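Working notes, beginning with the structure itself.
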Amino acid sequence: MDMQAVLSEVQGWTVEERLRLIEEVWDGLADSGGGDELSDDVRRFLDRRIADADPDAVSSLEDVWTRVVDRYRK
């Protein structure tokens, strides 16, 4: 099955099913360990962002997913 056929098939799925697919693909990429290491500049930038973050303004990934699914579930 080519990429266009897969995309056409996925478009017929519910938002929740598509989000689940994204999660599975993302987890598979993370598990493969094939990603490049962060550059020192990017690492410093992220460290600054974390240090400057307001802990009360942060949402867990689970909360974000729940809001996304609830918002687009129809």
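The values are calculated or read from the model by the stated rules, or taken from the named source; none is laboratory data. What you are looking at is a predicted structure, and each value in this text was computed from that prediction instead of being measured. Backbone-built Cβ (ideal geometry, glycine too); neighbour counts: all protein chains shown.
The table below gives the values:
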{"item": "Unmet requirement for Ala5, which otherwise passes all of (1) surrounded by fewer than 10 Cβ atoms within 10 Å (Cβ to Cβ); (2) modelled with pLDDT under 90", "result": "(2)"}
{"item": "Every pair of residues 6+ apart whose Cβ atoms lie under 9 Å, when the first sits in segment 37-64 and is free of Cβ contacts under 8 Å to residues at least 40 places away in the same chain while the second is outside any helix (DSSP H, G or I)", "result": "Arg43/Glu37; Leu46/Leu38"}
{"item": "Long-range neighbours under 8 Å by Cβ, at least six apart or interchain, first residue under 12 Å from Val68 (Cβ atoms) and touching a residue at least 40 places away in the same chain (Cβ under 8 Å) within segment 11-29, second among the charged types (D, E, K, R) and assigned to a loop (DSSP other than H, G, I, E, B)", "result": "Val15/Arg73; Val15/Lys74; Glu16/Arg73"}
{"item": "Segment 21-49, residues that are at pLDDT below 90, over 30 Å from Gln11 (Cβ atoms) and either surrounded by 10 or more Cβ atoms within 10 Å (Cβ to Cβ) or of a type in the set (A, V, I, L, M, F, W, C) (or both)", "result": "Leu38"}
{"item": "Verdict on Trp26 being of a type outside the set (S, T, N, Q) and either assigned to a loop (DSSP other than H, G, I, E, B) or touching a helix residue (DSSP H, G or I) at 6+ places or on another chain (Cβ under 9 Å) (or both)", "result": "no"}
{"item": "Every residue from segment 8-20 that is in a helix (DSSP H, G or I) and loosely packed, with under 12 Cβ neighbours inside 10 Å", "result": "Ser8, Glu9, Gln11, Glu17"}
{"item": "Test: residue in segment 51-63 that is surrounded by 10 or more Cβ atoms within 10 Å (Cβ to Cβ) and in a helix (DSSP H, G or I)", "result": "yes"}
